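I have placed the structure first, in the form of structure tokens, so that the comments after it can refer back to it.
The values are calculated or read from the model by the stated rules, or taken from the named source; none is laboratory data. Every value quoted in this text rests on a predicted model; they were computed, and no experiment measured them. Methodologically, a virtual Cβ is constructed for each residue, glycine included, from the backbone with ideal geometry; neighbour enumeration extends over all protein chains shown. We work out accessible area using only protein heavy atoms, side chains counted, and drop any ligands, DNA or RNA first. Shrake-Rupley method; radii C 1.70, N 1.55, O 1.52, S 1.80 Å.
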Amino acid sequence: MAGGRTVALIVAAGSGSRAGGPPKQYRRIAGKAVLAHAIDRLSHPGIDEIRVVIGPGQDQSYREALDGRALPSPIVGGSERRTSVRNGLEAIAADNGAARILIHDAARPFLPSQVVDRLLTALVLNEGAVPVLPVVDTLAAANGVLGDTAPREGLVRVQTPQAFRFDPILAAHRHWSGGEATDDAQIARAAGLDVATVGGDVALEKITHEEDFARAEAMLAARMTSRTGLGFDVHAFAAGEELWLAGLRIPHDRGLKGHSDADIVLHAVTDALLGAAGEGDIGDHFPPSDPQWRGAASSIFVDHARALIEQRGGRIDHVDVTLICEEPRIGPHRAAMRQSLAAMLRLPDGRISIKATTTERLGFTGRGEGMAAQAIATVRLPEEES
Ligand code: MG
């Protein structure tokens, strides 16, 4: 179907949590909020905009879950799912409208892109389309004891996202008078819309119980790939400069000269992290030509690289640093430097290593003209979606 925008509407307005703690859409799986997983999986060439419906008072949780993702302002939902969807549809109508809408539940975050393909294709000929899976278990009545089995032929399990042409589903919601509805296809059908079925996916199972979180965590961990990144940095000694290494001021008669605080350890670590993530180098993110980084504490570079990895659902497994200099002696500061770097990376000390070597008085480090640092980082990142 040509022309017009396709908007995805994620309903994330639930306030409940079976296990206590935050509502499930704001809980984290593999370091990333359930809602953020849902948002990332809706990044699809056929979808022009993503809007999110949140519960009243959830603005702070929403911002934290987004981790810097740029989305239009959230829409505030109602006490029932139906009113939340209605609020979302009305807000989209009041903004720029849409030609097509995919209505999705944040609690089904692991959407395969092929399901979106199937839904958008079905919308060419139908007013609505929903992903379904066959019922494979035996269905039976039960009330403490097992009763009669029920026929499962012709029955399906209905998932989300549910896709509709926008104007008909908005009209259907406005005319609905049937009380709470379990999904939007029910509201669409009551208004006489034809709703096609397309193949759903087991990855779309709803995350409800505690064991669902554990299963999702294990599934994502199994799909992580390990990557290694290398960093290297050099700065020259100069009189009148402070010496900063791994975020600590080290007493010495000379310091390192540079645009920022010239912390070679943190610069090498930043480049190692960016390298593992395939995110360019420190100069791409913090151009030396930009005066705002003059004299900057280099911890902001490390924070930035760590945040980039976390936003992608990744984890830093290990960082190993080698300092190359004749002096100062690194040994007395090694434990403190390790702790400082570990705190910056939010890792236990055991996953950080700081080593030092001289170059036997050879080369610029041997002559005491400057210092160098090498870093290597091991990072796990979710497999790229194909
Ligand atoms: Mg540097």
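A straight Cα-to-Cα reach below 26 Å connects residue 206 with the lysines 24, 32, residues fewer than 8 places away in its own chain not being considered. One Cα centroid belongs to the stretch 307-386, the other to the stretch 222-258; the line between them spans 8 Å. Packing order of peptides 371-378, 140-147, highest average first: 371-378, 140-147 (average count of other Cβ atoms within 10 Å over each peptide's residues).
At a 10 angstrom cut-off on C-beta neighbours, averaged per residue, how do the peptides 36-43, 273-280 rank from highest to lowest?
Numbers: 36-43: 22.0, 273-280: 19.5.
With the highest mean Cβ count within 10 Å placed first, the list reads 36-43, 273-280.
Dividing the C-alpha radius of gyration of the chain by 2.2 N^0.38 Å, with N its residue count, gives 1.27. If I model a spin label as a point 7 Å beyond the Cα along the Cα-Cβ vector, how far apart are those points for residue 364 and residue 202 in nm? That separation, rounded to one decimal, is 5.7 nm.
For residue 364, the accessible area of its heavy atoms, probed at 1.4 Å with every protein chain present, is near 80 square angstrom. Cα centroids of the stretch 116-167 and the stretch 43-99: 25 Å apart. Its Cα centre serving as origin, the stretch 224-385 has a Cβ charge dipole (Lys and Arg +1, Asp and Glu -1) of approximately 500 debye. Using a simple spin-label model with points 7 Å from Cα along the Cα→Cβ vector, what separation in nm is obtained for residue 253 and residue 143? With each label placed 7 Å out from Cα toward Cβ, I get 9.4 nm.
The packing ranking of peptides 95-103, 291-299, highest mean first, is 95-103, 291-299, where packing means the average number of other beta carbon atoms within 10 angstrom of each residue. In the stretch 23-63, inverting the average of 1/r over every pair of distinct C-alpha atoms gives 11.2 Å as the Kirkwood radius.
Note on residue 219 and residue 70: the model spin-label points, each 7 Å out from Cα along the C-beta direction, lie 3.1 nm apart.
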